[in-house]
């Protein structure tokens, strides 16, 4: 449970005011999969010292949306629905990985699934539907 970042991860390229307090965030792309990762710290946890479900949900939404739009040039996406099943807990010091894979990419809707793990143990699963829109210019 060291503070090291596993091999193959780079600083996340897309910054957001929502996730700024959770930095540093890391990203990794493998084929069609897109992953976000971080070392769980107190800022990611609830009052009991466990990884907060809101952090899991927000990062899963982010990763799944990016997994979809990275596979569709010139698009952006808005979340239509998001479901998360919480299966276990994450603890301070563990490496959190949110691995998202597009399930179906359409012209108006895209679907994705994610598996969320802490030190390799599954802590949650997520699924989302996104409205595909043309990317903003400029």
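The values are calculated or read from the model by the stated rules, or taken from the named source; none is laboratory data. The model shown is predicted, which means the values in this text are computed figures rather than measured ones. All Cβ positions, even for glycine, are placed from backbone atoms using ideal geometry, and neighbour counts span all protein chains on display.
Does residue 107 fit the bill of being at pLDDT below 95 and in contact with a strand residue (DSSP E or B) (Cβ under 9 Å, 6 or more places away or on another chain)? Considered against the rule, which asks whether it is at pLDDT below 95 and in contact with a strand residue (DSSP E or B) (Cβ under 9 Å, 6 or more places away or on another chain), residue 107 comes out as yes. When you check residue 124 against the structure, is it within 15 Å of residue 53 (Cβ to Cβ), in a strand (DSSP E or B) and modelled with pLDDT of 95 or more, yes or no? Judged against the criteria, residue 124 is a match. Residues in the range 72-111 that are farther than 22 Å from residue 22 by Cα and touching a residue at least 60 places away in the same chain (Cβ under 8 Å): 6 in all.
Here 63, 47 are screened, and the one residue that is within 13 Å of the chain's Cα centre (by Cα) and under 25 Å from residue 21 (Cα atoms) is 63.
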